[in-house]
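Asks: Please see the structure below; I have some questions.
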Amino acid sequence: MKITIDGQQCEASRGEFILNVALKNCIHIPALCHNAALPGLASCRLCVVEVIEGAWSKVVASCVYPITSEIEVVTASEKIIRMRKTLLMLLGARAPQNTYIRKLMQEYGVAPPTRLQGDKDEHCVMCGLCVSACEKMGANSISTVNRGITKKVATPYDEPSKTCIGCAACAAVCPTGAIGVTESHGKRRIWNKEFELVSCSVCGKPFITPEQVAYLKSNLEQPVDELVCETCKRVIAGKRLGETYANVTVSKGYVR
């Protein structure tokens with residue numbers, strides 16, 4: 001079916017979320033808690049848009065609103081901009097020194113809040129992506145704890161988690177860089193826990209924890225015989241692609 005987003009006609013499948021359709025059509029909608037590999041959380045609400053159906057309009061979170069009919073979507077109406085400014089003001093109060101939040105505030109012309117004073121060392125905006133990623137990995141090592149202004153993401157009792165495998169998937173999906181990960185001398189430290197790192201069999205760079213290796217071996221159908229970092233995987237894949245292209249070119253007689 002066809003929907004209209006900011007005057008642009010877009011193809012959409014029944015049940016597809018508005019944000020996904022917008023991304024496919026290079027239409028920008030700001031979002032903190034969205035990740036293509038994780039289910040929609042709708043916690044940051046920055047992705048709100050206005051949906052117009054006939055004479056009615058409503059504000060929805062585009063990351064979890066399924067398309068069931070031909071609709072018109074407005075991503076930056078006066079109402080939506082005003083709502084985003086309010087949300088950014090609150091996020092700026094929670095994480096006043098975070099670079100990404102400050103950038104978004106500047107884009108929308110939001111001044112730093114004066115009445116609300118947050119912790120200058122706070123960078124977490126409680127989007128929930130890290131918890132979702134940890135659950136997806138099957139570790140369930142972190143969760144949201146406490147309530148109200150003391151609510152935060154942490155391991156049980158802020159102690160090193162027995163189930164954490166040191167994969168740092170939580171840090172990889174964090175939009176504000178709130179989760180600290182340090183690596184030095186072949187060791188990785190995250191969530192107050194230190195892990196030894198195993199080296200890449202190609203370049204020799206330490207990149208994965210033994211706990212990760214054990215997890216991969218137990219959850220993949222094929223055994224993990226060789227440990228290769230992502231950089232080397234891309235290089236190897238590129239070389240193989242080049243060799244395949246060269247072989248096909250020669251076999252078809254394009255090379256003289």
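Asks: Per-residue HN-Hα couplings for the stretch 172-185, Karplus 6.51 cos²θ - 1.76 cosθ + 1.60 at θ = phi - 60°, whole Hz, x for Gly and Pro?
Replies: Calculated HN-Hα couplings, in order: 5, 8, 5, x, 10, x, 7, 9, x, 10, 10, 9, 6, 6 Hz.
Asks: Rg to Rh ratio, the stretch 54-94, alpha-carbon atoms and Kirkwood radius?
Replies: Value, to two decimals: 1.06.
Asks: Dividing the Cα radius of gyration by the Kirkwood radius, what Rg/Rh value follows for the stretch 73-124?
Replies: 1.01
Asks: I would also like to ask the following. Taking the Cα centre of the stretch 10-69 as origin and charging only Cβ (+1 Lys, Arg; -1 Asp, Glu), how large is the dipole, in debye to the nearest 20?
Replies: Dipole about the Cα centre, nearest 20: 120 debye.
Asks: So, in Å, what gap is there between the alpha-carbon centers of the stretch 201-230 and the stretch 14-79?
Replies: Taking the Cα centre of the stretch 14-79 as reference, the centre of the stretch 201-230 is 38 Å away.
Asks: Using Cα pairs under 8 angstrom and six or more residues apart, how large is the relative contact order of the stretch 2-76, in percent?
Replies: 39 percent
Asks: If packing is taken as the average number of other Cβ atoms within 10 Å across a peptide's residues, how do 59-68, 3-12 rank, most packed first?
Replies: Final packing ranking: 59-68, 3-12.
Asks: If you consider only alpha-carbon coordinates, what radius of gyration and Dmax does the stretch 129-231 have, in Å?
Replies: Both quantities, over Cα of the stretch 129-231: 14.5, 48 Å.
Asks: Non-local amide H neighbours of Ile5 (under 5 Å, H modeled in plane, Pro and chain starts lacking H): which ones?
Replies: Cys10, Val73
Asks: Contact order normalised by length for the stretch 1-158, with contacts defined as Cα pairs under 8 Å and 6 or more residues apart; what percent is it?
Replies: Answer for the stretch 1-158 is 19 percent.
Asks: Still on this structure: For the stretch 20-26, in order, what is each residue's ³J(HN,Hα) by Karplus, 6.51 cos²θ - 1.76 cosθ + 1.60 with θ = phi - 60°, in whole Hz (x at glycine and Pro)?
Replies: 5, 5, 4, 4, 5, 9, 6
Asks: Cα atoms only, the stretch 30-121: Rg and Dmax in Å?
Replies: Looking at the stretch 30-121, its Cα Rg and Dmax stand at 14.8, 47 Å.
Asks: Using 7 Å Cα-to-Cβ label points, what is the Thr68/Tyr108 separation (nm, one decimal)?
Replies: Roughly 2.8 nm, to one decimal.
Asks: Moving on to the next point. Using every Cα-Cα pair within the stretch 122-171, state what percent have a distance larger than 12 Å.
Replies: Tail of the P(r) past 12 Å holds 61 percent of the pairs.
Asks: While we're here: With the contact rule set at Cα under 8 Å and sequence spacing of 6 or more, what percent relative contact order holds for the stretch 129-231?
Replies: After rounding, I find 19 percent.
Asks: Using only helices, what value at 222 nm comes out for the chain when you add -39,500 (n - 2.57) per DSSP H run of length 4 or more and divide by the total residues, to the nearest 500 deg cm²/dmol?
Replies: -9500 deg cm²/dmol
Asks: Among Leu116, Leu129, Leu19, which one moves the most in a GNM of the chain with springs linking Cα atoms closer than 10 Å?
Replies: Leu116
Asks: Take the Cα atoms of the chain, build their convex hull, and give its volume per residue in Å³.
Replies: Once divided by residue count, the hull of the chain is 212 Å³.
Asks: If I take the Cα coordinates of the stretch 2-76 and project them onto the principal axes, what are the three extents in Å, biggest first?
Replies: Principal axes ranked by extent give 31, 21, 19 Å for the Cα atoms.
Asks: Here's a follow-up. Per-residue HN-Hα couplings for the stretch 193-203, Karplus 6.51 cos²θ - 1.76 cosθ + 1.60 at θ = phi - 60°, whole Hz, x for Gly and Pro?
Replies: For the stretch 193-203, the Karplus-derived couplings read 10, 9, 10, 6, 10, 9, 7, 5, 6, 9, 9 Hz, x marking Gly and Pro.
Asks: So how strong a dipole does the chain carry about its Cα centre when Lys and Arg Cβ are +1 and Asp and Glu Cβ are -1, to the nearest 20 debye?
Replies: It comes to approximately 380 debye.
Every number in this text was worked out from the coordinates using simple rules, so none of it is lab data. A quick note: this is a predicted structure, and the numbers were derived from the prediction, not measured. Every residue, glycine among them, receives a Cβ derived from its backbone with ideal geometry; neighbour counts consider all protein chains shown.
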